[in-house]
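Presented below is the structure to which this report refers.
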Amino acid sequence: MGKSKYWMIGTGVAVGLTALALTAAGNPANMGLCIACFLRDIAGGLGLHSAANVQYLRPEIVGLVLGAMIAALAGREFRAKAGSSPAQRFILGMIVMIGALAFLGCPLRMILRLGGGDLTAIAGLAGFAGGIGVGVLFLKKGFSLGRAYKVKKADGFVLPGVMLAVLALLIAAPAFIRFSQAGPGASRAFWLISLAGGLVIGALAQKSRLCMAGGLRDLFLFRDFHLLTGYIAIFVTVLIGNLILGNFDLTLTVQPIAHHDYLWSFLGMGLAGWGSVLLGGCPLRQLILAGSGSGDSAVTVFGMLLGAALAHNFGMAGSADAMADGVFTAGGVALPGRIGIGIGLVILLVISIANLHKEEKI
């Protein structure tokens, strides 16, 4: 347990330092690493949505999956498994992504935003914790998507193979992909730096089992803080780094790629938290599991990619506040996003009840 704790804290520090380094190298402020945002950018880069400001094949995502795969193979922990309600996991991945993009960030970016002084992210943190709490109630009632079964090893390499193809497109065939010329998608570190950062974090996260949703779940179920220590370490590292670099801005005023629509930030991250508990891990954890051979997590990632495309094609993603020439323009979650969150909550309730053990159904 002692070694495990050190691995977790060390991984958190490494994630925080990597996020700071990637931001300094060109990634958007308070967004050195964001699974939801970067999957959204990949969806745009592949032409799955037409939001011009969020299109780029983010090498960080490629690195996370490949780093996890390398670490799992090296540690003889690569396990090709699948068959745990893949269709429902696909839908859950979509729902988690829609909720996260309404907030404008995954659980990881939520912590990075807080470490930069973005007080607007508190609403997202409260919502995420609330969603985890609802999911835990169903876990206690017997919720389960069923067990996964051993499959051919080749099945475990599907998502890593897709990520290699994405990297090949970025390097060798950029004419076939879309690049943002403005907005968050245009803010990016050199691809080799991004890939290296993703590889390191992917390997460390595979070894430590870093997961924000799992951390809150274990806290609520068992009063176990182990998984949460990694995210506490991320927050502390980013906070200290931003203070040293002069990038800390403790305020509720205009923050980088954030909005003041607190209710819908709360509900959006509530959606993401509840869905993550049902899936057994947050978006980062799904990438790591997919890199470690889980076909079910690979299906979830594909669902998140489609969810990102739907969020932008149907106007469900949140829009950031802006300040230009002294004029404030409020962002937030528009009506389509609010409807999407409402539908998502209903679907989560249906899935939660439908997958209770029969003898324990409510």
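The values are calculated or read from the model by the stated rules, or taken from the named source; none is laboratory data. Here the structure is a predicted model, which is why all the values come from computation and not from measurement. Glycine also receives a Cβ, built like all others from the backbone with ideal geometry; neighbour counts cover every protein chain displayed. The accessibility values were calculated without ligands, DNA or RNA, using every heavy atom of the protein model including side chains. Shrake-Rupley method; radii C 1.70, N 1.55, O 1.52, S 1.80 Å.
Of note:
- Single residue of the stretch 109-126 satisfying the filter (open to solvent by 10 Å² or more (accessible area, probe 1.4 Å) and under 15 Å from the mean Cα position of the chain (by Cα)) that is nearest to L216 (Cα to Cα): L125
- Residues of the stretch 294-316 that are more than 16 Å from G146 (Cα to Cα), open to solvent by less than 20 Å² (accessible area, probe 1.4 Å) and not β-branched (V, I, T): A298, G303, M304, G307, A308, A309, A311.
- Pairs meeting the criteria (first residue in the stretch 181-197 and within 20 Å of D321 (Cα to Cα), second residue open to solvent by 70 Å² or more (accessible area, probe 1.4 Å) and among the basic types (K, R), beta carbons under 9 Å, at least 6 apart or on different chains) are G185/R178.
- No other residue among K153, K207 is closer than 19 Å to A71 by Cβ, open to solvent by 20 Å² or more (accessible area, probe 1.4 Å), among the basic types (K, R) and touching a helix residue (DSSP H, G or I) at 6+ places or on another chain (Cβ under 7 Å) apart from K207.
- In the stretch 80-87 there is no residue matching the filter, namely being out of contact with any helix residue (DSSP H, G or I) (no Cβ under 8 Å at 6 or more places or on another chain), hydroxyl-bearing (S, T, Y) and surrounded by fewer than 24 Cβ atoms within 10 Å (Cβ to Cβ).
- Residue count, the stretch 40-75 (criterion: among the hydrophobic types (A, V, I, L, M, F, W, C), more than 16 Å from A19 (Cα to Cα) and part of a helix (DSSP H, G or I)): 11
- Hits in the stretch 247-264 - residues which are open to solvent by 70 Å² or more (accessible area, probe 1.4 Å) and β-branched (V, I, T): T253
- Cβ-Cβ contacts under 9 Å between residues 6 or more apart (or on different chains), taken from a first residue in the stretch 143-164 that is more than 30 Å from I353 (Cβ to Cβ) to a second residue that is surrounded by 14 or more Cβ atoms within 10 Å (Cβ to Cβ) and at pLDDT below 95, are absent.
- Within the stretch 76-87, being in contact with a Gly (Cβ under 7 Å, 6 or more places away or on another chain) and either in a loop (DSSP other than H, G, I, E, B) or among the charged types (D, E, K, R) (or both) holds for F78, R79, A80, K81, S84, S85.
- Residues in the stretch 127-141 that are open to solvent by less than 10 Å² (accessible area, probe 1.4 Å) and either in contact with a strand residue (DSSP E or B) (Cβ under 6 Å, 6 or more places away or on another chain) or of a type outside the set (G, A, S) (or both): 3 in all.
- Options I244, I232, I201; residue that is open to solvent by 60 Å² or more (accessible area, probe 1.4 Å), within 29 Å of E77 (Cβ to Cβ) and at pLDDT 95 or above: I232
- Scope the stretch 318-362; condition more than 30 Å from G146 (Cβ to Cβ), open to solvent by 80 Å² or more (accessible area, probe 1.4 Å) and at pLDDT 95 or above; matching residues: L335, R338, I339
- Search result, residues across the stretch 156-188 that are open to solvent by less than 80 Å² (accessible area, probe 1.4 Å) and either more than 27 Å from A72 (Cα to Cα) or among the charged types (D, E, K, R) (or both): A173, P174, I177, F179, S180, A182, G183, P184, G185, A186, S187, R188
- The stretch 218-274 - residue that is touching an Asp or Glu at 6+ places or on another chain (Cβ under 6 Å) and free of Cβ contacts under 8 Å to residues at least 24 places away in the same chain and, of those, farthest from N53 (Cα to Cα): D224
- Sole exception among (1) at pLDDT 95 or above; (2) over 15 Å from G99 (Cβ atoms); (3) open to solvent by 10 Å² or more (accessible area, probe 1.4 Å); (4) aliphatic (A, V, I, L, M) for L279, by number: (2)
- The residue of the stretch 45-79 that is surrounded by the most Cβ atoms within 10 Å (Cβ to Cβ), among those that are under 19 Å from S187 (Cβ atoms) and β-branched (V, I, T), is V62.
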